[in-house]
Amino acid sequence: MSVHGGTLVPLPGPEALQPNGAPFSAHGGIRLADQGVFAFVALAWHDRHKGVAAYALRVVNGTSETVLCRCFEIRGGEVPVEVYPMPLVAAPNGVMDTFVFVRTDHPDALSRFVVDVAGRGAALRVEAPAPAKRAPHVLALLGWGLSLLLLLAAAGAAVIASIPRLTVFEPPTSVVAGTPLEVPYAFGGVGSLQYDLATDDGRTIAADTVEARVGILRIALPNDGAHGSYRLRLRAVGPLGTDVRTASVAMLAPPQQANTLAKPGISSPDDATLIGELNVTPAPAQAGRDVHVNYVADATSGKIWLLDLSGKAWASAPYSSDGTSLLRIPAAAAGREMRVVLQVERGPQRAMSSVGIVVEPNNAAHPAATIAQSTPAQSPTTGEAAPPRQTMSAGIELSQSSVVAGQSVHVRITGPHSDALVTLTDARGQVIEQGDVSGQERGITLTAPAVNAPSAFYVVASITSGVSQASVVRKLVVTPAP
């Protein structure tokens, strides 16, 4: 078989120019020399989204033999690849119109489309170029540019958000020694939060890593740091940097310590349940005379103090397992309001309770307010020390000594009285509830406060009968409501 160069044939009319709507040109058709075979090929359409191009093919066979048409796609490697495994056939003395579909989304770009036509011992070849590459549209370029800018902005924002930083750091300027240091904090970014607390000379008190990103940092402080200052440092550490904040916190002495530095035995209670009852007779007390401090306590040691309202210690007496101690009132305390403080210990537990008294001058004593003897009288039957004589027969009784939070407790005044002030206090002496009981009334009803754990409270009754006055204390245990 020989291949003839063929002759370009001008297309005669509209039907030949656009068979099946295909825009053939003069360069799209060729005639085999001295033969009645014509071939035309042209790009009909191209769908860039689907990656498909359609080529229109017309073959005019004016011979009495069959003409075979083989379609090839030529790509970057210039190696022809047959589109269909079987050739297209143009019948004798007939016209074949068809479309040939070629993929254009192949990684190896299409170079051109070629059709080989063979018949009667000769062959001819026609070809059409690949679809033109469309230049990017201006709007597409703007869209790509905007997308790139947004991507860069998002990446920059992500990087900035990942930088560790402390957003909240509010330490107090001072704190009481022995109490926890509470510092609100919050940090953002990628990383962890570390803190350390050190003294002015560089000694580290506490250091740790915090897991939560927002919260309150609580650091236990030693009891011996009063009148000094500590340096607190928070560090937000991450792969993109570190944010460090520091603050100086002054340590203050606790109020109890400031009022009782001369007598270190007096302190706030660690376990107020050691003391059940406390009262002082006679009332009012006489300057220069003794008073009986009566108590019920489950302790092994302790001490009784006489303090004025400023916390100054005027006198003291040892604790007695018998439940009674004699306390001498100094003559210089006449005309003052004082407090008798009982402080006891049992192993590591400590407790403290107090009751208020009024000290009258010795020459203003009333017959009804008889002062108890400094040495208890001997019992005529047993020879043992008899309990101190009470100047008042009035006392108090609780309807129940242990109640559930929210329940009512009736406080009954026993014995004759002119007036009584009944107060419910917690273990630290804070007033929870208070009420007056006149001489015509016999009692008052109190409500147990809400608690989270079993707690000890105290019912303090300041009872007046004529010119005599006494303070009586009863313990009340309150348990949480179910």
### Message
Stokes-Einstein diffusion coefficient for segment 393-482 at 10 °C in a medium of 1.306 mPa s, Rh from the Kirkwood formula over Cα pairs: what value in µm²/s?
### Response
121 µm²/s
### Summary
Expected vector for segment 342-353, Karplus 3J(HN,Hα) from phi with 6.51, -1.76, 1.60 and θ = phi - 60°, integer Hz, x for Gly and Pro, equals 9, 10, 10, 9, 8, x, x, 8, 9, 8, 8, 9
#### Entry: Taking the C-alpha atoms of segment 165-252, convex hull volume expressed per residue in Å³
80 Å³
### Query
Which distance in nm do the two modelled labels at residue 320 and residue 434 give, with both placed 7 Å along the Cα-to-Cβ direction?
3.3 nm
#### Entry: Gained length - residue 66 relative to residue 105, 0.36 nm times residue gap less alpha-carbon distance
10.6 nm
### Task
Averaged over every viewing direction, what's the projected area of the C-alpha convex hull for segment 100-150? Give it in nm², one decimal, please.
5.4 nm²
### Task
Treat the count of other C-beta atoms within 10 Å as a stand-in for reagent exposure and order 475, 303 from fewest to most.
303, 475
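We did not get these values from a lab; they are worked out from the coordinates using the rules stated. Note that this is a predicted model, so its numbers are computed, not measured. Ideal geometry is used to build each Cβ from the backbone, glycine not excepted, and the neighbour counts take in all protein chains shown.
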